[in-house]
Every structure is written in structure tokens, then in C-alpha cells.
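Below is one structure, written out as C-alpha cells; the observations come after it.
Bear in mind these aren't lab numbers, they're just calculated from the coordinates by the rules spelled out. What you are looking at is a predicted structure, and each value in this text was computed from that prediction instead of being measured. Here Cβ is always computed from backbone atoms with ideal geometry, including for glycine, and neighbour counts include all displayed protein chains.
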Amino acid sequence: MMEAVLILMYVYAFVVGCCMASFINVVIYRVPLGISVAKGRSFCPSCQHQLHALDLIPILSYICLGGKCRYCHEHIGMRDTLLELLGGLLGMLCFYRYGFSMMTVIAFAFVMLLQAIAFIDLDTMEIPNGLVVGCFIIGFISIPFLHIDMISRIIGIFIVSVPLIVLNMVIPDAFGGGDIKLLAACGFFMGWVNVLIGMFIAVLLAGGYAIYLMLSHKIDKGGHIAFGPYLCIGMFISLLYGSQLLSSYLSLFGL
Ligand SMILES: [Zn+2]
């Protein structure tokens, strides 16, 4: 009986995740263009035809329509559908980590904001302030549920962001202002230890990718890559498994 309830909960987390990610796709598309996310039905980017409710069912609509617009038969890119699938998987992962608790909802809301931030940064090299404010709000909501003391949260705001501001004074535009604000928000949400771990993961991932791009001559030394997506991955891993990662790392040195 308990197993059936658990399976049902994972299915529920997946479906909710897909639907939320479908809304996040609207955010990713509309926020950089300054279009309201609340008003107006979605439309086909090729023929501008308003989409029917049946065209908007996450994943299923794409499969049923064979990846084409119902009205103009233009191919629809796979990205939105893959992001809906990712949202479903992230929903399940949050439930796996936190189970029946408010932290599942908080972690999921946070990762959906990160999904929007990561893809807007990839598309436009900008991180909208409104989404960073959203991360701060999640930080406030998490206070009774995520047991990180206030001093750790306040140190978290400054511990990475301030050194990056100083670095930017030495090397102009080394980091985007949006990255720095996002780091401050994440520091407030998860405390100084986790934001450091998240930053460490982000630097490893982004550094690895930048080295690959340079070796394959796809980017020159002065080129920029969007750092936001790596920050988002790092922060999410750190929120879920930061303390476990830290203790396994320290145990390597017998600490
Ligand atoms: Zn169309």
C-alpha cells in the first residue's frame, strides 16, 4: 500500500514538474521581450496562430502533433519539450531528496527559477532582476523549513558576491552583474557553506567547458560564455547534496 502511494507521489511530482516547466518555457520566451507572462494565450512563433488548450499539454502535444504546428505545419524545436521533461525529472528529484515536506515544494520552486535563469542567460547573456528577487523571496520563505542560521545566511549574501565585485574592478566584466546578484540571493537561501560549494561546482563545470571551447578553437581567449547556467547547476546540486559532498570531500583527507 505504502509503495503504491509512493509511486503515485513520484508520478504526481513528474506531472507537476512538467506543467511548471511548461510555464517556465513561457517565462524564458516572454521575459526577455518584456511581454507579460500572465496575459495572452500562447501562439505559434511561425504563423502567430493562437494555440488551443490541446496544443499546450506538456510533452504529449508535441508527440501527438509529430513535432509540427497544427496550423502551419512548421517544425517546432525540441527544446521546450525537453525542458518540460527536465522539469518533470527535477520534480521527482526534489521529492526523492526531501520526501513529504515543505522543503520539496521550496526546492522545486527554486530549481524552476534556476531553469528560467539558466536558459534566459543562455539566450540573451542577461539574468533578469525579477527572477533574482524570486530567489531572495524563496530564501525568506525557507527560513522556518531549511535549518540554516541567520548569520550563515547573511554571510552567504557577501561571501562570493563581494570577491567577484572586487575581481570585476581588476578585470572589467569578468563576471556579469546578474551572476553576482544571483550568488547573493543563493547565499541568503542556502547559507555561506553551500553557496561556496555551489560556486566551486559551477567554476569546475564552466572552466571545463571553456577549456574545451578554447582547445577546439570555438572561442578565443577574450571570449565570454554565459556563466549563469553553470551557477544554476552548481547551486541546485549544492542545495540538495552540498553537505554530503563536503563530508565525503573532507573524509578524503581524514577530516
Ligand atoms: Zn504555426
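Using helices alone, I'd like the mean residue ellipticity at 222 nm for the chain: each DSSP H run of four-plus residues gives -39500 (n - 2.57), total over residue count, nearest 500.
Working: 9 runs with 173 residues, N = 255.
Using -39500 (n - 2.57) per qualifying helix, the result is -23000 deg cm²/dmol.
Rounded, prolate or oblate: which one fits the range 1-100, using the alpha carbon gyration tensor with axes a ≥ b ≥ c (rounded when a/c is under 1.5, else prolate when a/b beats b/c, else oblate)?
Values: a/c = 2.77, a/b = 1.84, b/c = 1.50.
It is prolate, given that a/c is not under 1.5 and a/b is the larger ratio.
Using only Cα atoms, tell me the angle between helix 129-141 and the longest principal axis of the chain; keep it within 0 to 90° and round to the nearest 10.
Relative to the chain, helix 129-141 is tipped by roughly 70 degrees.
Step through the residues of the range 169-176 one at a time and calculate ³J(HN,Hα) from phi using the Karplus curve (6.51 cos²θ - 1.76 cosθ + 1.60, θ = phi - 60°), rounding each to whole Hz and writing x for Gly and Pro.
Calculated HN-Hα couplings, in order: 6, 7, 10, x, 6, 4, 10, x Hz.
Return the distance in nm (one decimal) between the two label points of a simple spin-label model at Tyr212 and Ile7, each offset 7 Å from Cα along Cα→Cβ.
3.7 nm
Between Ile59 and residues 5 or more places away or on another chain, which pairs have amide H atoms under 5 Å apart, with H built 1.01 Å from N, and which residues are they?
It is none; the list stays empty.
Let me know the shape class of the range 126-255, please: from the alpha-carbon gyration tensor, a ≥ b ≥ c as square roots of the eigenvalues, rounded when a/c is under 1.5, otherwise prolate if a/b is greater than b/c, or oblate. Could you put the intermediate results ahead of the total?
Details: a/c = 2.02, a/b = 1.33, b/c = 1.52.
Oblate.
Cut-off under 15 Å on the C-alpha distance; same-chain residues fewer than 8 positions from Lys181 excluded. Which aspartates and glutamates are left, in chain and number order?
Result set, ordered by chain and number: Asp121, Glu126, Asp173.
Between Gln50 and Val170, take the C-beta separation as r, use R0 = 35 Å, and let me know the FRET efficiency to the nearest 0.05. Walk me through the numbers before you get to the answer.
Working: r = 51 Å, r/R0 = 1.46.
That pair, Gln50 with Val170, gives E of 0.10.
Can you find, among Leu239, Met9, Leu213, the residue farthest towards the positive end of the dipole of the chain? Put +1 on the C-beta of Lys and Arg, -1 on that of Asp and Glu.
Met9
Would you pull out the residues with amide H under 5 Å of Phe43's amide H, same chain only if 5 or more places away, H placed 1.01 Å from N?
Amide H to amide H, under 5 Å and 5 or more residues apart or across chains, Phe43 pairs with Leu51.
Helix 228-251: angle to the longest alpha-carbon principal axis of the chain, degrees 0 to 90, nearest 10?
Once rounded, the angle reads 50 degrees.
Peptides 48-57, 34-43, 186-195, 150-159: what's the order by average Cβ count within 10 Å, highest mean first? Write out the running numbers ahead of the final one.
Numbers: 48-57: 12.9, 34-43: 10.5, 186-195: 26.0, 150-159: 16.9.
Output ranking for 48-57, 34-43, 186-195, 150-159: 186-195, 150-159, 48-57, 34-43.
Checking the a/c ratio against 1.5 first, then a/b against b/c, what shape does the Cα gyration tensor give for the chain? Let's see the in-between values first.
On the way: a/c = 1.83, a/b = 1.26, b/c = 1.45.
It comes out oblate by the Cα gyration axes.
On a 0 to 90 degree scale, rounded to 10, what angle separates helix 79-98 from the longest Cα axis of the chain?
Helix 79-98 sits at roughly 50 degrees to that axis.
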